[in-house]
Amino acid sequence: MEDRELLRLAIEARKNAYCPYSNFPVGAALLCADGTVYTGVNVENASYGLTMCAERVAIFKAVSEGKRDFVKLAVVCNAKRCSPCGACRQVIHEHAPDIEILMGNPNGEFTRTTIQALLPQAFESGDLMPE
(Lines give C-alpha, C1' and ligand atoms only; values in the text may rest on other atoms or scores of the structure.)
Protein backbone atom coordinates (compact mmCIF):
# COMPACT_ATOMS: atom_id res chain seq x y z
CA MET A 1 0.00 0.00 0.00
CA GLU A 2 1.24 3.47 -0.89
CA ASP A 3 2.08 5.84 1.98
CA ARG A 4 -0.48 8.42 0.87
CA GLU A 5 -3.28 5.84 0.92
CA LEU A 6 -2.40 4.74 4.45
CA LEU A 7 -2.31 8.40 5.51
CA ARG A 8 -5.70 8.98 3.86
CA LEU A 9 -7.17 6.13 5.91
CA ALA A 10 -5.76 7.66 9.11
CA ILE A 11 -7.17 11.07 8.14
CA GLU A 12 -10.57 9.50 7.48
CA ALA A 13 -10.50 7.56 10.77
CA ARG A 14 -9.65 10.76 12.66
CA LYS A 15 -13.22 11.96 12.03
CA ASN A 16 -14.43 9.35 14.54
CA ALA A 17 -12.19 10.48 17.40
CA TYR A 18 -13.90 10.99 20.74
CA CYS A 19 -12.05 13.96 22.21
CA PRO A 20 -14.46 16.29 24.05
CA TYR A 21 -11.78 17.32 26.58
CA SER A 22 -8.74 18.05 24.43
CA ASN A 23 -10.51 18.78 21.14
CA PHE A 24 -7.43 17.18 19.55
CA PRO A 25 -8.56 14.35 17.24
CA VAL A 26 -5.96 11.76 16.25
CA GLY A 27 -6.31 9.02 13.65
CA ALA A 28 -4.12 6.00 12.97
CA ALA A 29 -3.97 3.35 10.28
CA LEU A 30 -1.96 0.15 10.79
CA LEU A 31 -0.88 -1.89 7.79
CA CYS A 32 -0.47 -5.62 8.36
CA ALA A 33 1.89 -7.78 6.29
CA ASP A 34 -1.10 -9.44 4.61
CA GLY A 35 -2.43 -6.06 3.41
CA THR A 36 -5.16 -5.73 6.04
CA VAL A 37 -5.50 -2.25 7.57
CA TYR A 38 -6.81 -1.51 11.05
CA THR A 39 -7.69 2.04 12.01
CA GLY A 40 -7.88 3.67 15.40
CA VAL A 41 -8.76 7.00 16.99
CA ASN A 42 -8.13 8.57 20.34
CA VAL A 43 -10.92 7.87 22.82
CA GLU A 44 -10.91 10.20 25.80
CA ASN A 45 -12.44 9.81 29.22
CA ALA A 46 -13.31 12.29 31.96
CA SER A 47 -10.77 10.39 34.05
CA TYR A 48 -7.90 11.40 31.77
CA GLY A 49 -5.67 8.44 32.63
CA LEU A 50 -8.24 6.12 31.05
CA THR A 51 -7.90 7.79 27.65
CA MET A 52 -6.67 5.54 24.83
CA CYS A 53 -4.51 6.82 21.99
CA ALA A 54 -5.27 6.13 18.32
CA GLU A 55 -2.09 4.10 17.80
CA ARG A 56 -2.87 1.68 20.62
CA VAL A 57 -6.50 1.36 19.52
CA ALA A 58 -5.38 0.31 16.02
CA ILE A 59 -2.80 -2.16 17.35
CA PHE A 60 -5.16 -3.68 19.91
CA LYS A 61 -7.90 -4.07 17.29
CA ALA A 62 -5.47 -5.91 15.03
CA VAL A 63 -4.13 -8.13 17.81
CA SER A 64 -7.68 -8.95 18.94
CA GLU A 65 -8.38 -10.18 15.40
CA GLY A 66 -5.33 -12.47 15.43
CA LYS A 67 -2.91 -10.25 13.49
CA ARG A 68 0.71 -10.20 14.62
CA ASP A 69 2.80 -9.03 11.64
CA PHE A 70 2.76 -5.25 11.18
CA VAL A 71 4.56 -3.30 8.46
CA LYS A 72 3.65 0.38 8.70
CA LEU A 73 1.70 2.74 10.95
CA ALA A 74 0.35 6.14 9.91
CA VAL A 75 -0.59 8.63 12.64
CA VAL A 76 -2.36 11.91 11.85
CA CYS A 77 -3.28 14.93 13.98
CA ASN A 78 -3.59 18.68 13.58
CA ALA A 79 0.11 19.45 14.04
CA LYS A 80 3.18 19.63 11.80
CA ARG A 81 3.79 15.98 12.64
CA CYS A 82 1.95 13.62 14.90
CA SER A 83 4.50 11.81 17.04
CA PRO A 84 3.35 8.85 19.18
CA CYS A 85 3.48 9.37 22.94
CA GLY A 86 5.80 7.33 25.16
CA ALA A 87 3.18 4.72 26.07
CA CYS A 88 2.32 4.21 22.41
CA ARG A 89 6.00 3.92 21.50
CA GLN A 90 6.43 1.11 24.00
CA VAL A 91 3.32 -0.73 22.74
CA ILE A 92 4.37 -0.26 19.11
CA HIS A 93 7.82 -1.64 19.89
CA GLU A 94 6.38 -4.65 21.72
CA HIS A 95 4.24 -5.64 18.74
CA ALA A 96 6.35 -4.43 15.82
CA PRO A 97 9.99 -3.66 16.67
CA ASP A 98 10.87 -3.07 13.00
CA ILE A 99 7.81 -1.05 11.95
CA GLU A 100 7.96 2.08 9.81
CA ILE A 101 5.97 5.06 11.09
CA LEU A 102 4.45 7.88 9.08
CA MET A 103 3.75 10.97 11.21
CA GLY A 104 1.42 13.30 9.38
CA ASN A 105 -1.27 15.93 9.39
CA PRO A 106 -4.64 16.39 7.63
CA ASN A 107 -2.93 18.31 4.80
CA GLY A 108 -1.14 15.11 3.77
CA GLU A 109 2.28 16.31 4.92
CA PHE A 110 4.28 13.65 6.72
CA THR A 111 7.67 12.51 7.90
CA ARG A 112 8.89 8.93 7.94
CA THR A 113 10.70 7.25 10.82
CA THR A 114 10.92 3.92 12.61
CA ILE A 115 10.02 2.82 16.10
CA GLN A 116 13.72 2.07 16.67
CA ALA A 117 14.51 5.73 16.00
CA LEU A 118 11.69 6.93 18.28
CA LEU A 119 12.44 4.50 21.11
CA PRO A 120 16.04 3.29 20.78
CA GLN A 121 16.26 1.55 24.16
CA ALA A 122 12.79 0.11 24.55
CA PHE A 123 11.97 -2.08 27.52
CA GLU A 124 11.77 -5.73 26.46
CA SER A 125 10.70 -8.80 28.41
CA GLY A 126 14.19 -10.24 27.80
CA ASP A 127 15.60 -7.42 29.91
CA LEU A 128 14.20 -9.00 33.09
CA MET A 129 16.71 -10.73 35.31
CA PRO A 130 15.86 -14.14 36.78
CA GLU A 131 15.38 -14.22 40.52
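The values are calculated or read from the model by the stated rules, or taken from the named source; none is laboratory data. Owing to the predicted nature of the structure, the values given are computational and were not obtained by experimental measurement. We place every Cβ from the backbone using ideal geometry, glycine too, and count neighbours over all the protein chains shown. Heavy atoms of the whole protein, side chains included, go into the accessibility calculation; ligands, DNA and RNA do not. Shrake-Rupley method; radii C 1.70, N 1.55, O 1.52, S 1.80 Å.
Some values worked out for this structure:
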{"quantity": "Residues being of a type in the set (A, V, I, L, M) and either within 17 Å of Leu7 (Cβ to Cβ) or modelled with pLDDT under 95 (or both) - total across the stretch 108-131", "calculated": "3"}
{"quantity": "Residue count for the stretch 25-45, restricted to those that are closer than 15 Å to Phe70 by Cα and in contact with a helix residue (DSSP H, G or I) (Cβ under 7 Å, 6 or more places away or on another chain)", "calculated": "9"}
{"quantity": "Among (1) within 11 Å of the chain's Cα centre (by Cα); (2) on the phi > 0 side of the Ramachandran plot - the single one Gly108 does not satisfy", "calculated": "(1)"}
{"quantity": "Residues (under 20 Å from Arg89 (Cα atoms), surrounded by 15 or more Cβ atoms within 10 Å (Cβ to Cβ) and out of contact with any Gly (no Cβ under 8 Å at 6 or more places or on another chain)) located in the stretch 4-28", "calculated": "Leu6, Pro25, Val26"}
{"quantity": "Every pair of residues 6+ apart whose Cβ atoms lie under 7 Å, when the first sits in the stretch 95-107 and is under 13 Å from Asp3 (Cβ atoms) while the second is open to solvent by 50 Å² or more (accessible area, probe 1.4 Å) and of a type in the set (Ser, Thr, Tyr)", "calculated": "Glu100/Thr114; Ile101/Thr114; Met103/Thr111"}
{"quantity": "The listed residue being of a type in the set (Gly, Ala, Ser), part of a helix (DSSP H, G or I) and either under 10 Å from the mean Cα position of the chain (by Cα) or surrounded by 15 or more Cβ atoms within 10 Å (Cβ to Cβ) (or both), out of Ala74, Ala58, Ala87, Ala117", "calculated": "Ala58"}
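Results for (1) modelled with pLDDT under 95; (2) closer than 22 Å to Leu118 by Cα; (3) under 16 Å from the mean Cα position of the chain (by Cα), shown as yes or no for each residue.
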site: Ala10; (1), (2), (3): no, yes, yes
site: Gly27; (1), (2), (3): no, yes, yes
site: Cys32; (1), (2), (3): no, yes, yes
site: Glu44; (1), (2), (3): no, no, yes
site: Leu50; (1), (2), (3): no, no, no
site: Arg81; (1), (2), (3): yes, yes, yes
